[in-house]
Amino acid sequence: MKNTTKFLAMCAIAVVLNVVLGEAVSMLKIPLLFLDTMGTIFIAANFGMKYGILTGVTTNLLMGLISGPLSIPFALVNVAVAIVVALVAKKGFSYKQALIAGVLLAIICPMIGAPIRLALFGGFTGSGTDIVILALRASGKEMISATYWGAVAGNIVDKIISCLVVAWFIKLPQLKKYTASF
């Protein structure tokens, strides 16, 4: 099998991982956790920006079919995830790089996602992050600021956990052996 076919097969598996984890966490209403970019993080860290972007965009297109077209604009967030992780992982994806990527993503992703969230949903999506946004609004913050900082709060938890879990998976001997064959 050609490497391109292997990469695309891995991307497809990662898309399914993003969708299944994202939907499971959403249904369980776990606050400040999404896990809907773990596949994108894995692909970007292992196979680079191009395949990470493909995984992220495909995830949101599939989510658009499953849960409605309002998921599609968030593909821009997944593109940012792929770019940041691919750049941070140029020399590997150790726990240190994963932590750095997680912190960067926690700041960068809401810069893209908060305006989308505000435009499409008025800032509230029914996730645990809404609690933080409501608290910030009650403290006098403007809606855009409350939406951004509420998203940062959720992303600090989600993106750091997601990146660290991916770094752990990458270090597993079975996975290391498999990805080395690419």
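The values are calculated or read from the model by the stated rules, or taken from the named source; none is laboratory data. Because the structure is predicted, anything quoted here is derived from the model rather than measured. Every residue, glycine as well, gets a Cβ built from its backbone with ideal geometry; the counts of neighbours run over all protein chains shown. When the accessible area is computed, the model is the full protein with side chains, heavy atoms only, and any ligands, DNA or RNA have been set aside. Shrake-Rupley method; radii C 1.70, N 1.55, O 1.52, S 1.80 Å.
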To the nearest 500 deg cm²/dmol, what mean residue ellipticity at 222 nm is calculated for the chain from DSSP H runs of n ≥ 4 alone, each contributing -39,500 (n - 2.57), summed and divided by the residues? -26500 deg cm²/dmol
Taking a probe of 1.4 Å and leaving out DNA, RNA and ligands, the chain shows per residue an accessible area in Å² of 50 Å²
Of all the accessible heavy-atom surface of segment 1-111, with the other protein chains kept in place and a 1.4 Å probe, what percent is carbon and sulfur? 75 percent
Calculated FRET efficiency, L61 and A12, Cβ-Cβ r, R0 22 Å, to nearest 0.05? 0.95
If you line up the long axis of helix 143-171 against the longest principal axis of the chain, both from Cα atoms, how many degrees apart are they, to the nearest 10? 20 degrees
Can you tell me the 0 to 90 degree angle between the C-alpha axis of helix 3-28 and the longest principal axis of the chain, rounded to 10? 30 degrees
Lys and Arg at +1, Asp and Glu at -1: add these up for the other residues within a Cβ distance under 13 Å of F47 and post the number. +3
Cut-off under 19 Å on the C-alpha distance; same-chain residues fewer than 8 positions from K141 excluded. Which aspartates and glutamates are left, in chain and number order? D130
Quick check on my link table: of K91/K171; K6/K91; K91/K176; K29/K90; K50/K96; K29/K50, which ones sit more than 25 Å apart, alpha carbon to alpha carbon? K29/K90; K29/K50
What longest range of the chain stays clear of loop-exposed trypsin sites (Lys or Arg not before Pro) (DSSP non-H/G/I/E/B, at most 10 other C-beta within 10 angstrom)? 30-182
Computed over the chain: longest principal axis from alpha-carbon atoms vs helix 38-47 long axis, angle to nearest 10 degrees, is 40 degrees
In whole angstrom, note down how far apart the Cα centers of segment 87-146 and segment 27-58 are. 15 Å
